[in-house]
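The values are calculated or read from the model by the stated rules, or taken from the named source; none is laboratory data. Model, not experiment: these values are computed from the prediction. To get the accessible areas, we keep the full protein, side chains included, count just its heavy atoms, and leave off ligands, DNA and RNA. Shrake-Rupley method; radii C 1.70, N 1.55, O 1.52, S 1.80 Å.
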Amino acid sequence: MVQALCLRPSSTAQGQEGRGGRERGSAVVEFTFLGLLLMVPLVYFVISVGQIQGGSFAVVGAADQAAKVYVAQPDEQTAQAAAEQAVSIALADFGHQPDQASISTTCDPADCQAPGTAVTITVSLSVPLPFVPFNSGFRLAASEVEASATQLVGRFR
């Protein structure tokens, strides 16, 4: 007598097959949910770092141009006004508001227009957080960046 070996599906195999049918497509949903959950903060971080880097480039260029413009002027009042205008133009080129910046001028020796004087312009900028929907009275800053540039007042102007 020949007996045929017949395998019946066990209860564990049926349970796995039945569960797999119900969970079909859930990996796509989980991947999408976790991808959004992890990617949105990462993208925001990258944008914030880009804003800070752009602010750093802006203050370096603004300080350099302001120092060059300052030493080329004939008196201190026009020199300060020209330096402030150079800073506002340089910051606007990088998309930053000039009212978020501050400028300080130091001279060594104290007479800023004497030949051979080292004029140092320091520009500080408060870089705001991107996409923060608050009014202008309440600003959240991502960082404060600062740069200085020094130029010598020439003997011949």
Exercise. Report, in whole Å, the centroid distance computed from the Cα atoms of region 55-74 and region 86-157.
Key: 8 Å
Quiz item: Taking only protein heavy atoms and a 1.4 Å probe, what accessible area per residue, in Å², does region 37-90 have with all protein chains in place?
Solution: 55 Å²
